[in-house]
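Shown next, in structure tokens, is the structure this report addresses.
The values are calculated or read from the model by the stated rules, or taken from the named source; none is laboratory data. Every value quoted in this text rests on a predicted model; they were computed, and no experiment measured them. Neighbour counts run over all protein chains shown; Cβ positions are idealised from the backbone, glycine included. To get the accessible areas, we keep the full protein, side chains included, count just its heavy atoms, and leave off ligands, DNA and RNA. Shrake-Rupley method; radii C 1.70, N 1.55, O 1.52, S 1.80 Å.
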Amino acid sequence: MNPPASVTRAAAPVRRRLPGWANGILWTLAAIVLLTVTADLTGLPNITATSTVQAGLQLAVPLLLAGLGGLWAERAGVVNIGLEGMMILGTWGAAWAGYQWGPWSAVVGGIVFGALGGLLHALATVTFGVNHIVSGVAINLLGAGVAKYLSTLIFAPVSHNPRQSPKVEGFDTYSAQPVADWLADLEKQQRYVISDVAGILHGVLSGVSPLTMITILLVPISFVVLWHTRFGLRLRSCGENPVAAESLGVNVYLQKYVAVVISGGFAGLGGAALVLAPGQNGYLENQTNGRGYIGLAAMIFGNWRPGGLLGGAALFGYADGLQTLTDGKTVLGLFYGISLLVWVIALVQLIRRKWIVGLVSVLVGGALYLLYLSIESLPQELTTYLPHIVTIVVLAMSSQRLRMPAADGLVYRRGQGS
């Protein structure tokens with residue numbers, strides 16, 4: 001009996017994925033198109049105004065720094081809910097050092113005080129095996145309490161206000177000339193589409209502080225260090241499988257300590273960014289306003305990757321800047337743009353024959369559009385919490401595609417694999 005002839009099957013074509021930088025460019029262009037179309041169709045130029053974009057960029061910086069802190073810690077397997085407390089410590093340290101010696105000292109002071117919070121979190125979670133969430137919550141409470149005590153002790157005699165520091169010298173800002181002036185002229189001409197795009201680009205390229213430039217550079221630096229160096233590979237292995245990493249000679253405790261201290265330093269630098277922000281220039285009690293949590297949410301939205309984190313911080317920062325500088329009518333206009341975006345997503349899903357997701361998206365887009373048509377303006381009580389609402393909605397929509405480090409949040413003990 002002859003054996004059956006083997007059947008040769010053609011290999012399925014391999015789908016080539018776009019590199020991360022190309023995806024980032026496409027999403028950036030899509031965001032510019034969405035904001036431009038929304039501003040033109042609603043007649044609300046403040047959506048793309050220079051002042052709104054500048055405020056969004058300024059408010060995105062501390063979120064991005066907090067998110068980078070969360071990224072470093074969680075890639076090493078340590079959940080850092082304590083970013084808020086470390087940011088608070090950073091605000092006090094930056095204000096104290098900045099008042100004494102200037103803005104660059106404020107940067108150093110914020111990093112040092114935030115890193116001390118990170119060191120305490122590492123001591124509790126890595127050495128003593130405390131639950132990561134419990135330790136993080138404790139640091140949030142401790143950071144607020146320590147900052148309040150130190151402010152009362154040191155700032156009150158000078159500022160005569162226990163909740164506020166004396167004014168801290170800020171950084172000078174820079175603009176990309178002569179491009180920034182050319183874009184400003186285009187924005188003033190009120191040309192259809194062109195002026196909206198010019199307003200967005202002018203907001204990004206003008207009034208930029210050195211701390212903003214440093215923060216943006218820290219994103220590719222973190223990517224290179226974590227994904228393209230031996231140190232980064234060892235650190236990430238501790239977040240994926242610490243037992244296997246230990247078997248290969250990696251000092252897991254050391255890697256986790258380094259990651260969490262760096263995490264605290266980033267969060268403290270985010271606190272310094274709040275202190276040195278134009279118009280703020282000092283420590284103010286409760287000025288973080290939950291930004292440590294929002295930065296952590298931006299990191300989760302970015303799927304524990306620096307590029308995605310950058311996009312999440314930009315989104316949440318823009319929402320914060322929009323509600324800060326505009327009124328409820330302008331914020332409501334954004335719902336019109338979101339409804340258009342949801343309908344585009346619905347069309348894509350229906351073309352892919354994902355009927356349930358597509359139909360649900362159609363209904364959600366319709367509900368947002370009806371909300372836009374039915375009321376004149378959103379109440380101030382609601383617009384104040386716009387960044388928090390956007391955070392919750394975005395995380396809910398993106399939760400299906402997220403993949404955290406496998407050993408994130410697990411208590412590790414040396415010699416577990418033996």
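Give the Kirkwood hydrodynamic radius (Å, one decimal) of the stretch 79-167, defined as one over the mean of 1/r across all pairs of different Cα atoms.
Answer for the stretch 79-167: a Kirkwood hydrodynamic radius of 13.2 Å.
Find how many whole Å separate the alpha carbon centroid of the stretch 349-365 from the alpha carbon centroid of the stretch 111-165.
Distance between centres, Cα-based: 47 Å.
Between Ile133, Ile345, Ile81, which gets the highest mean-square fluctuation from a Gaussian network model of the chain, Cα cutoff 10 Å?
Ranking Ile133, Ile345, Ile81 by mean-square fluctuation puts Ile345 first.
How do 374-380, 65-71, 221-227 rank on mean C-beta neighbours within 10 Å, highest first?
Taking the mean over residues of other Cβ atoms within 10 Å, the ranking is 65-71, 221-227, 374-380.
Roughly speaking, what is the centre-to-centre gap between the stretch 253-270 and the stretch 45-68 when only Cα atoms are used, to the nearest Å?
So the separation of the two Cα centres works out to 25 Å.
Can you list the residues, at least 5 places off or on another chain, whose amide H is less than 5 Å from the amide H of Tyr174, using H built in the peptide plane?
Residues meeting the amide H criterion: Gly207, Val208, Ser209.
So if I take the alpha carbon set of the stretch 61-210, get Rg, then get Rh from the Kirkwood formula, what is the Rg over Rh ratio?
1.13
P(r) of the chain in 10 Å steps, Cα pairs, percent per bin?
The percentages, shortest bin first, are 5, 20, 28, 24, 16, 5, 2, 1, 0, 0, 0.
Take the Cβ-Cβ distance between Val411 and Asn286 as r, set R0 to 30 Å, and report the resulting FRET efficiency rounded to the nearest 0.05.
Between Val411 and Asn286 the formula returns 0.40.
May I have the extent of the alpha carbons of the stretch 194-252 along their three principal axes, as whole Å values ordered from largest to smallest?
Result, largest extent first: 59, 23, 14 Å.
Using amide H atoms built in the peptide plane, which far-off residues or other-chain residues are under 5 Å from Ala407 H to H?
Amide H to amide H, under 5 Å and 5 or more residues apart or across chains, Ala407 pairs with Glu240.
Putting +1 on Lys and Arg Cβ atoms and -1 on Asp and Glu Cβ atoms, find which of Gln349, Leu119, Gly311 reaches farthest to the positive end of the dipole of the chain.
Farthest towards the positive pole: Gln349.
Please work out the FRET efficiency for the pair Val360 and Leu123, using the Cβ-Cβ distance as r and a Förster radius of 51 Å; give the result to the nearest 0.05.
Efficiency at R0 = 51 Å is approximately 0.65.
Hydropathy first: keep DSSP H helices in the chain averaging at least -1.0 on Kyte-Doolittle, then drop any whose Cα extent along the axis falls short of 30 Å, and list what survives.
The qualifying helices are 20-42, 50-75, 252-275, 328-351.
If you roll a 1.4 angstrom probe over the protein chains with everything in place, what fraction of the accessible area of the chain belongs to carbon and sulfur, to the nearest %?
Ligands and nucleic acids excluded, carbon and sulfur reach 67 percent.
Sketch the reach of a paramagnetic label on Asp40 as a point 7 Å from Cα along Cα-to-Cβ, and name the residues of the stretch 167-190 whose backbone nitrogen lies under 17 Å away.
Label zone hits: 186-190.
What does the accessible area per residue of the chain come to in Å², with a 1.4 Å probe and no ligands, DNA or RNA counted?
51
Report the convex hull volume per residue for the stretch 256-330, counting only C-alpha atoms, in Å³.
For the stretch 256-330, the hull spanned by Cα atoms encloses 114 Å³ per residue.
Which Rg and Dmax, in Å, describe the Cα atoms of the stretch 152-304?
Over the stretch 152-304's Cα set, Rg and Dmax evaluate to 21.2, 65 Å.
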